[in-house]
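One structure below.
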Amino acid sequence: MNEKQSNLILPTHVGIIMDGNGRWAKKRGLPRYVGHTYGAQTFRKITRYISSKGVKVLTLYAFSTENWKRPPEEVGAIMKIFRQYLTDALTDFRDDEIKLVFIGDKSAFDSHMIELINETEEISKNRKGMLLNIAMNYGGRNEILYAVKNLCADVKAGIIQPNDITDKDIQSRLYTANIPDPDLIIRTGGEHRLSNFLLYQSAYSEFYSTETLWPDFNASDFDKAIEEYNQRNRRFGGV
Ligand code: IPE
Ligand code: IPE
Ligand code: MG
């Protein structure tokens, strides 16, 4: 870390939309799944780097509720990569004290994957370092829908009255309950959209988009995002 970096304010919670794996592979005349394999390596390296900087919470968007629309071969290849990386992550992030939590609808995965997810969460739950949320089969609209259904059930049971519902009652029913909203959301691959990522939580997040494709994203790209974040004037609707 250079001196310029050490004076910068670090966001507490960073979200990353890891996009551009397919284009990275296509540019090289390779099948899309190869891009996902390289992307998984970036995931491993950058997570450790971000943790070493002192970021408290990192949320990585790995697979959306809409990504099932892709050809079955690509979805199959992605699931295979997930399984491999979950197995590696069990030991990989141990020394960094990284705690892993999965956000999204796990029920869509096969039983082996669900087992791996549960095992990963269980093994890492007492770690004291960065919280790493991996968004898998995650969709912001789905998350809000679950929260609404849960609230309706509590209203029906007489636990809460409709007029007493507050923003907190919604927040506490999201996957990210008790976690501060993301301060900075980075998207690789050049698109300027959220693609259903943390819709409720991103109300006042700073958005940073880079043309860099995810497999090429490195420590200096992350540092650049932090430098730009420090130029932003966050007003939260005030003056
Ligand atoms: C992101 O890369 C990974 C997933 C959505 C699983 P893409 O596969 O979307 O890559 P591009 O956007 O097609 O290049
Ligand atoms: C967003 O990327 C989802 C993930 C990175 C997991 P997509 O490639 O699915 O998004 P769109 O289709 O460009 O909006
Ligand atoms: Mg994409």
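Structure above, values below:
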item	result
Pairs with Cβ under 7 Å, 6+ apart, first in the range 166-195 and more than 28 Å from TRP24 (Cβ to Cβ) and outside any loop (DSSP other than H, G, I, E, B), second modelled with pLDDT of 95 or more and small (Gly, Ala, Ser)	ILE170/ALA147; GLN171/ALA177
Pairs, first over 13 Å from GLY39 (Cα atoms) and within 16 Å of ligand 2 (Cβ to nearest atom) in the range 5-21, second part of a helix (DSSP H, G or I) and among the hydrophobic types (A, V, I, L, M, F, W, C), C-beta under 8 Å, six or more apart	VAL14/ILE50
Number of the condition not met by LYS156 [criteria: (1) free of Cβ contacts under 8 Å to residues at least 40 places away in the same chain; (2) at positive phi]	(2)
Counted residues, the range 1-20 - those being over 14 Å from the mean Cα position of the chain (by Cα), under 28 Å from GLU97 (Cβ atoms) and surrounded by 22 or more Cβ atoms within 10 Å (Cβ to Cβ)	1
Residue list for the range 122-155, restricted to those being under 21 Å from PRO180 (Cβ atoms), among the hydrophobic types (A, V, I, L, M, F, W, C) and more than 16 Å from ligand 1 (Cβ to nearest atom)	MET130, LEU131, LEU132, ILE144, ALA147
Per-region count, the range 58-83, residues away from ligand 2 (no atom under 14 Å from the Cβ) and buried (at least 21 other Cβ atoms within 10 Å of the Cβ)	1
Failed criterion for THR120 (all others in (1) polar (S, T, N, Q); (2) under 15 Å from GLN84 (Cα atoms); (3) in a loop (DSSP other than H, G, I, E, B) hold)	(3)
All positions within the range 22-45 that are within 19 Å of LEU86 (Cα to Cα) and either away from ligand 2 (no atom under 14 Å from the Cβ) or not β-branched (Val, Ile, Thr) (or both)	TYR33, VAL34, GLY35, HIS36, THR37, TYR38, GLY39, ALA40, GLN41, PHE43, ARG44, LYS45
Test: LYS4 is modelled with pLDDT of 95 or more, away from ligand 3 (no atom under 16 Å from the Cβ), under 30 Å from GLN231 (Cα atoms) and among the charged types (D, E, K, R)	no
Selection from the range 183-239 of residues that are farther than 20 Å from GLU143 by Cβ and charged (D, E, K, R)	GLU191, GLU206, GLU211, ASP216, ASP221, ASP223, LYS224, GLU227, GLU228, ARG232, ARG234, ARG235
Selection count where residues are assigned to a helix (DSSP H, G or I) and within 16 Å of ligand 3 (Cβ to nearest atom), scope the range 19-69	21
Positions within the range 182-206 being within 11 Å of ligand 1 (Cβ to nearest atom), exposed (fewer than 15 other Cβ atoms within 10 Å of the Cβ) and charged (D, E, K, R), in sequence order	GLU191
Number of the exception - LEU90 against (1) in contact with a strand residue (DSSP E or B) (Cβ under 7 Å, 6 or more places away or on another chain); (2) without any contact (Cβ under 8 Å) to a residue 40 or more places away in the chain; (3) open to solvent by less than 40 Å² (accessible area, probe 1.4 Å)	(1)
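The values are calculated or read from the model by the stated rules, or taken from the named source; none is laboratory data. Model, not experiment: these values are computed from the prediction. Quick reminder, even Gly has a Cβ in these numbers, built from the backbone with ideal geometry, and neighbours come from all protein chains shown. Just so you know, the surface numbers come from the protein's heavy atoms only, side chains and all, with ligands and any DNA or RNA stripped out. Shrake-Rupley method; radii C 1.70, N 1.55, O 1.52, S 1.80 Å.
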